[in-house]
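Participant: Before anything else, here's the structure in question.
The values are calculated or read from the model by the stated rules, or taken from the named source; none is laboratory data. Computed from a prediction, not measured in an experiment: that's the story for all the values here. Neighbour counts are summed over all protein chains in view; Cβ atoms, including those assigned to glycine, are modelled from backbone coordinates with ideal geometry. For the accessible areas, the whole protein counts, side chains as well, though only heavy atoms, and no ligand, DNA or RNA atoms are used. Shrake-Rupley method; radii C 1.70, N 1.55, O 1.52, S 1.80 Å.
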Amino acid sequence: MTDETTIVLDEPITHSLLDDADRPTVGRSISRIEGPLKVAGAARYTAEHSFPDMVYGVFVQAPFGAGRVTRLDTAAAEAMAGVLAIIDDPALARQGGDFGGDAAPKQNLREVHFFHQPVALAVADTFERARAAAAAVGVSYEEMAGIYDFEAAIDTAEPPTNDLGGLFAIHTEQGELDAALKTAAATIDAVYTTPSHAHAALEPHSSVAVWDEDHLTVYGSYQSPVTTRGQLASALGVPADKVRVISNYVGGGFGSKLGVMPEAVAAGLAARQLRRPVKVVMSRQQVFDMVGRRPETQQRVRLGADAEGRLVAVEHATVTSQLADEIFFEPAGIATHFLYAGANRMVDHKVARMNKVLAISMRAPGEAVGQLALESAMDELAVTLGIDPVELRLRNEPEAHPEEGIPYSSRGLHACLTQGAERFGWSKRNRTPAGLRDGEWLIGHGMAVATRGNLFGPSKAAVAIGGDGRAVVRTEMTDIGTGTYTILAQITADLLGLPLDHVEVRLGDTDDPISAGSGGSWGAGTSGSAVYAACDGLRQKLAEAAGCAVEACRFVDGHMEAEGRRWALRELAGNGIEVVGAVDAGKTVKGFAQASYGAQFCEVRVNATTGETRIARWTSVFEAGRVLNLKTATSQCIGGIVFGIGGALTEEMVHDPRTGKIVNRDLGEYHVCANADIPDLDVVLLEARDHAANPLMAKGIGELGISGAGAAVANAIYNATGVRVRDFPITLDKIFPYLAN
Ligand code: MOS
């Protein structure tokens, strides 16, 4: 019998069982428990799954950006050796918006909405033969005028049609914004632009589909197998309970693997038609072409402050792009709702409909690009006022959420700012733009605030203790490189008093208890809380088995101790006990403004002749509630900062404005930062607790590092050169024309 223990987040948690652990692993630096499997090549990623009789599918893609396929000429391809089918099912191009629930209904085979949209799948007995067959398929089409140029499309932008269940506020306003701006002592009115970004996860999207009678199993690289299952079932027209999705190891996602992507649908269709296992692995270029992007933005920020730097007016008006009829939008103003005080405010989002690949969530949707703009504008305001940028932030700490009036659950920003400034040596920085030079290098210092909302999703996990005294954790939750395997083992080990190596964690299977998945930085907090609930229930079961009150029990070294007695867990477990833990939203989710915070400081060197920027030094201090694993949490922050530096300096997905084709669709031409671009990043995580977030008292961390990181770079470049670039990325061509030399 499996029991269930549910924790509903209705009021702040006063005591976490994690704080009772006898030999705590939570909070320490623990290496990934699956690390040895990964370095030994024994952790099997999706594309490494193989089955007898398995065949391979390769996409045929539309060679135009908008219009209609009139004919597919498949005869030559079908006659090629080893070719089994050219599949042109209308469902083939379907993929899931990450909040859509359904695979996007608009995208069918005959209508083409973006360049390189999939239009058919060539299937053959080897990958190479399938690839040759795909290349041999002729595509005839009627092209229509597509919308490819964002600047030209901005005037057509309209409010998004959907607020995604209240997650993204479309438009908010308070007070008298224009009047406040008129009477403000200092104002900023600036427009910032950011380009489309690619997630560029290391592992390309891939799926292996196996039909067994009427039941489909898909091994896929996904962040949320259950979301994939639902969207896949919908695209294939089968009930969700006939589909199982397995994502044991995922080589990064950053949002690109939240919703089902075309390769999973294609593999499922082909396997159903051919009655053989089918593997579809995207090429790197196909990942760029068809999985989605962070959309470009244009953001107008108007700020007004009194002479002491207290904000009286805050406006953030944003335009992004998306395919027609898709509901997701980039919520670029999302942090502006809650980050700073100020009575008169407006945040607005509009969307221009364009023929570019689906816009989807990418690491810190909203905050990542929104803080490039807002935190650049705050720096501009500090310059205008002659107030230290750190001090300006400190003067605008709100008492409560400035729009909603609700309290912050926890807010460590003040400590991040002051401790970060101290650690970085901010007081000794160069204060005069273009005032510090070392040979041909201009040296500058900049800072920005990081914040990322703390989100919640219902989650379940099963924890069992076997007759061998070892624990097994099972949940549909994934580890996308973030450390989930390890932190769920740590929580279990601490709460049951087991050594870490006595806990096995099984992830990424829709047959196991369903989680909120890996997304939105909510994974650790939500799945960790489900494991916490399960362990809480198990402790009660074990206490009952011994006839003790659980409050009197200690769990240590594989034993339970109470009233001077000691039992091995394996004795109490008998043939095994399993409890399913669940955590559910309650009043604290909406009753408190929940977010993680940080302060990012950097030193840049800008070449006075070429305008090339190098990052020279970096310090960030973050507050995200309890740190579950110092090593994996720090790693998340470092990865996020690197991502943010890329957004500031190099990352830009370029669509040809005439055709809509992505012209830099590989990692040679789409520039993510590499090791040589990044110095040692000094990252500090403050010890904190958030009592409203969850029983772990931990907040999200995966998307915190990227937030504000790019603005710190932009602000440092201004400080180094006196050149304010508002059009990201800040490539050297945007700097050197303005350098005095
Ligand atoms: Mo994240 S962009 O929700 O994976």
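Participant: Ordered by residue, what ³J(HN,Hα) values in Hz, to whole numbers, does segment 209-215 give under the Karplus form 6.51 cos²θ - 1.76 cosθ + 1.60, where θ = phi - 60° and Gly and Pro are x?
Facilitator: Result, ordered by residue: 10, 10, 9, 10, 6, 9, 10 Hz.
Participant: Can I ask one more? Mean 1/r over all different Cα pairs, inverted: what Kirkwood radius does segment 440-550 give, in Å?
Facilitator: After inverting the mean inverse Cα-Cα distance, the result is 15.5 Å.
Participant: Here's another thing I want to ask about it. Cα extents of segment 246-398 along the three principal axes, largest first, in whole Å?
Facilitator: Cα spread of segment 246-398 along its principal axes, largest to smallest: 73, 32, 24 Å.
Participant: I would also like to ask the following. Tell me, what is the FRET efficiency for ARG300 and MET144 to the nearest 0.05, using R0 = 25 angstrom and their Cβ-Cβ distance as r?
Facilitator: Given R0 = 25 Å and the Cβ-Cβ separation, E is 0.20.
Participant: Mind checking the per residue accessible area of the chain for me, 1.4 Å probe, whole number of Å²? Before the final figure, lay out the partial values.
Facilitator: Numbers: 26210 Å² over 741 residues.
Counting only protein heavy atoms, the per-residue value for the chain is 35 Å².
Participant: Kirkwood Rh over alpha-carbon pairs of segment 269-349, then Stokes-Einstein at 20 °C and 1.002 mPa s: what D in µm² s⁻¹, rounded to an integer?
Facilitator: It diffuses with D of about 129 µm²/s by this estimate.
Participant: Using a cut-off of 17 Å between alpha-carbon atoms, which aspartates and glutamates can reach LYS428, once sequence neighbours fewer than 8 places away in the same chain are excluded?
Facilitator: Straight-distance partners of LYS428: ASP388, GLU391, ASP438, GLU603.
Participant: When the Karplus curve 6.51 cos²θ - 1.76 cosθ + 1.60 is applied with θ = phi - 60°, which whole-Hz ³J(HN,Hα) does each residue of segment 220-227 get, with x for Gly and Pro?
Facilitator: Coupling constants for segment 220-227: x, 8, 9, 7, 9, x, 5, 5 Hz.
Participant: Shifting gears a bit: Gap in Å between the Cα centre of segment 696-724 and the Cα centre of segment 219-261?
Facilitator: Using only Cα atoms, the two centres lie 32 Å from each other.
Participant: Next question. Taking a threshold of 30 Å on the Cα-Cα distance, which of the pairs LYS38/LYS460; LYS460/LYS590; LYS38/LYS279; LYS38/LYS590; LYS38/LYS356; LYS631/LYS734 fall above it?
Facilitator: With Cα atoms farther than 30 Å apart: LYS38/LYS590; LYS38/LYS356; LYS631/LYS734.
Participant: On a full-extension model of 0.36 nm per residue, what is the gain between ASP682 and PHE127, subtracting their alpha-carbon distance, rounded to one decimal in nm?
Facilitator: Length gained, ASP682 through PHE127: 195.3 nm.
Participant: Another question about this same structure. So, R0 is 51 Å and r is the distance between the beta-carbons of ARG284 and THR172; what FRET efficiency does that work out to, to 0.05? Could you put the intermediate results ahead of the total?
Facilitator: Values: r = 40 Å, r/R0 = 0.78.
According to the calculation, E is roughly 0.80.
Participant: Can I ask one more? Let me know the Rg and Dmax you get for segment 629-698 when you use only its Cα atoms, in Å.
Facilitator: 17.8, 53
Participant: Which value, in nm² and rounded to one decimal, describes the direction-averaged projected area of the C-alpha convex hull of segment 405-470?
Facilitator: Averaged projected hull area, Cα only: 11.3 nm².
Participant: Summing -39500 (n - 2.57) over the DSSP H runs of n ≥ 4 in the chain and dividing by its residue number, what mean residue ellipticity at 222 nm do you reach, to the nearest 500 deg cm²/dmol?
Facilitator: Here the helix-only value at 222 nm equals -7000 deg cm²/dmol.
Participant: With the calculation restricted to Cα positions, what are the radius of gyration and Dmax of the chain in angstrom?
Facilitator: Taking only Cα atoms of the chain, I get Rg and Dmax of 26.4, 82 Å.
Participant: So what J values fall out for segment 407-424 if you push phi through Karplus, 6.51 cos²θ - 1.76 cosθ + 1.60 with θ = phi - 60°, rounded to Hz, Gly and Pro as x?
Facilitator: With coefficients 6.51, -1.76 and 1.60, one gets x, 6, 5, 6, 8, x, 4, 4, 5, 4, 5, 6, 6, x, 4, 5, 5, 6 Hz.
Participant: Okay, moving on. With both partners inside the chain, how many of the DSSP beta bridges are antiparallel, as a percent to the nearest 5?
Facilitator: Values: 100 of 137 bridges.
Of all bridge pairs located within the chain, approximately 75 percent are antiparallel.
Participant: Find the centroid of the Cα atoms in segment 1-23 and in segment 359-411, then give the distance between the two in whole Å.
Facilitator: 33
Participant: Write down, largest first, the equivalent ellipsoid semi-axes of segment 570-631 in whole Å, where each equals the square root of 5 times an eigenvalue of the alpha-carbon gyration tensor.
Facilitator: Largest first, segment 570-631 gives 48, 20, 10 Å.
Participant: Starting from the Kirkwood radius over alpha-carbon pairs of segment 122-243, derive D by Stokes-Einstein at 10 °C in a medium of 1.306 mPa s and give it in µm² s⁻¹.
Facilitator: Value of D from the Cα-based Kirkwood radius: 75 µm²/s.
Participant: Please give the direction-averaged projected area of the C-alpha convex hull for segment 584-741, in square nanometres with one decimal. Working shown, then result.
Facilitator: Working: hull surface 49.0 nm².
Mean projected area of the Cα convex hull: 12.3 nm².
Participant: What are the residues whose amide H is under 5 Å from the amide H of LEU455, where those residues sit 5 or more places off or on another chain and H is modelled from the backbone?
Facilitator: For LEU455, whose amide H was placed from the backbone, the distant partners under 5 Å are GLY700.
Participant: Given a Förster distance of 60 Å, report the FRET efficiency between GLU397 and ASP511 from their Cβ-Cβ distance, rounded to the nearest 0.05.
Facilitator: 0.80
Participant: Evaluate 2.2 N^0.38 Å with N set to the residue count of segment 206-317, then give the Cα radius of gyration divided by it.
Facilitator: Against the empirical 2.2 N^0.38 Å value, I get 1.58 for segment 206-317.
Participant: Could you name the lysines in cross-link range of LYS350, using Cα to Cα under 23 Å and dropping any fewer than eight places away on the same chain?
Facilitator: Of all the lysines, those that pass the test against LYS350 - Cα under 23 Å, at least 8 places apart if same chain - are LYS106.
Participant: What is the percent carbon and sulfur in the accessible area of the chain, measuring with a 1.4 Å probe over the protein chains and ignoring ligands? Numbers along the way, then the final one.
Facilitator: On the way: 12860 of 26210 Å².
Exposed carbon and sulfur together represent 49 percent of the surface.
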